[in-house]
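Okay, so here's the structure we're looking at.
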Amino acid sequence: MTFSFFQRLKTLETTEELLLSAKEALVKKNLVKSIELFSKVLEREPDNLVALISRGTAYFSNKEFQPALHDFTKGIDLKPDSAKLYCSRGNAWLGLKQNESALNDLNKAVELDPHYPTAYFSRSEVLERMDEKEQADLDRETAERLQKQISQAYLVSQGIEFQEM
């Protein structure tokens, strides 16, 4: 069966509308609805990275770590240079109490983006669980320093003068 240009355009609009509704449900913490809507988007566009990451995030927030892991893994297959995806999958591994796998993914996230504070915060949690307190403390300090730098840069970009206290 072939679709006319207008039928394809209508499907595209509908997919965009679904994606928008799914994002809205996620923001409102209606996780089950957002998962359902992101799944509909992915039925139409299996490689839609935004839908994959967002559905994985909804699964994670709903403490459904195995499906979150699946979505983040597929996301990594599509975008293997994404520190955010490795960090997200590392956090899913954390939820499953798979510390070694979590550490591997979080190390990769830091390698891909050494200025990504969330990766350091998450890795510090894994290291804490593995009784590597000294390294966990270093990662936490690094994350806090990076987060402060990002906040300062944002304030400066908004024309707000930042003064060290």
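The values are calculated or read from the model by the stated rules, or taken from the named source; none is laboratory data. A quick note: this is a predicted structure, and the numbers were derived from the prediction, not measured. With ideal geometry, Cβ positions are generated from the backbone for all residues, glycine too; neighbour counts draw on all protein chains shown.
For segment 91-119: of the residues being of a type in the set (Ser, Thr, Tyr) and either in contact with a Leu (Cβ under 6 Å, 6 or more places away or on another chain) or in a helix (DSSP H, G or I) (or both), which is farthest from Met130 (Cα to Cα)?
Filtering segment 91-119 for residues that are of a type in the set (Ser, Thr, Tyr) and either in contact with a Leu (Cβ under 6 Å, 6 or more places away or on another chain) or in a helix (DSSP H, G or I) (or both), the one farthest from Met130 (Cα to Cα) comes out as Thr118.
How many residues are of a type in the set (Asp, Glu) and either crowded, with 17+ Cβ neighbours inside 10 Å or closer than 20 Å to Phe72 by Cβ (or both) if we restrict to segment 98-140?
6
Kindly indicate whether any position in segment 155-164 is among the hydrophobic types (A, V, I, L, M, F, W, C) and within 30 Å of Ser101 (Cβ to Cβ).
Going through segment 155-164, the residues among the hydrophobic types (A, V, I, L, M, F, W, C) turn out to be 155-156, 160, 162.
The next check asks that each one be within 30 Å of Ser101 (Cβ to Cβ); those that pass are none.
No, there is no match, as no residue in segment 155-164 is among the hydrophobic types (A, V, I, L, M, F, W, C) and within 30 Å of Ser101 (Cβ to Cβ).
Just the residues that are of a type in the set (Gly, Ala, Ser), more than 15 Å from Thr118 (Cα to Cα) and in contact (Cβ under 8 Å) with a residue 24 or more places away in the chain, please, taken from segment 60-104.
Ser61, Ala68, Gly75, Gly95 - these are the residues of segment 60-104 that are of a type in the set (Gly, Ala, Ser), more than 15 Å from Thr118 (Cα to Cα) and in contact (Cβ under 8 Å) with a residue 24 or more places away in the chain.
Run down Asp47, Asp71 and say which single residue is outside the structural domain of Pro114 (by TED's automatic domain parsing) and not in a helix (DSSP H, G or I).
It is Asp47.
Quick check on Leu18: is it surrounded by 15 or more Cβ atoms within 10 Å (Cβ to Cβ), at pLDDT below 95 and part of a helix (DSSP H, G or I)?
yes
Quick one: is Leu85 surrounded by fewer than 24 Cβ atoms within 10 Å (Cβ to Cβ) and in a helix (DSSP H, G or I)?
In short, no.
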